[in-house]
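Remarks on the structure that follows.
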Amino acid sequence: MEGYHRDFPATLPSPEIVEIAEESRSTAAGRAGDVYVAVGKHDLHVLKWALEHAVSPESRVFLVHVFSPIAYVATPVGRLSRSQLSKDQLQVYIREESNKRRHLLDKYIQLCNESKITVDTMLVESNASAKAILELIGVANITHLVMGTKQSTFSRISRKGKGEYVKKYAPEYCEVSVVYDDGKKMKDEQPQNSEASNSSKNASNQVARNYERHFFECVCFSRKFD
């Protein structure tokens, strides 16, 4: 179920997923002006902010969606591990989950189409979404990433979310914009000229390099939607 794939354009009635050859993986590398937007079930405000403040007419938008690997499946007889299912049963469930993800991403794709912005989707399979996105930054050479946060604009002591975590540990070449639920961007913190800050950035860069070789095993890419 893990693999490097690309979807056919959304204009097709029933998009299929096909494997991409090793030599085609160079298309994953970002280019100047590309904006990557991490999206889940309720992140339209994040994409709207990106379209209004970070995207130019020549930009490509990559919708990044992280989903968990299938470990258990709910069935009429109870919750079963994937190893207890037949191959056919598992494939049916995988198709159902894939269709749910497509449906989830439809509203984001539609918004980009309405804004006349080229949009691609990147599906990442991982149980640790923040870590997976950090790894993706190095693999895809992301220079601008937009994420949401559940933290309130006015909260001073609330727990740091995934967006804040990624912003803290992202490499210096990647600008991470974190957007609140009310559509406002989190203010950038003052630069820290400390050894601890530099150490965390260096550690992030090292993680990205370590994972780059095999990270594409769990990333899906779609062809552009014009």
Original post:
Considering only Cα-Cα distances, which of the following residue pairs are longer than 28 Å: Lys87/Lys150; Lys100/Lys187; Lys100/Lys168; Lys116/Lys168; Lys116/Lys184; Lys87/Lys162?
Top reply: Lys87/Lys150; Lys100/Lys187; Lys100/Lys168; Lys116/Lys168; Lys87/Lys162
**OP:** Run the accessible area of segment 26-80 with a 1.4 Å probe and give the carbon-and-sulfur part as a rounded percent.
**Re:** 56
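The values are calculated or read from the model by the stated rules, or taken from the named source; none is laboratory data. No experiment lies behind these values; they were computed from the predicted model shown. These accessible areas exclude ligands, DNA and RNA; they are computed on the full protein's heavy atoms, side chains included. Shrake-Rupley method; radii C 1.70, N 1.55, O 1.52, S 1.80 Å.
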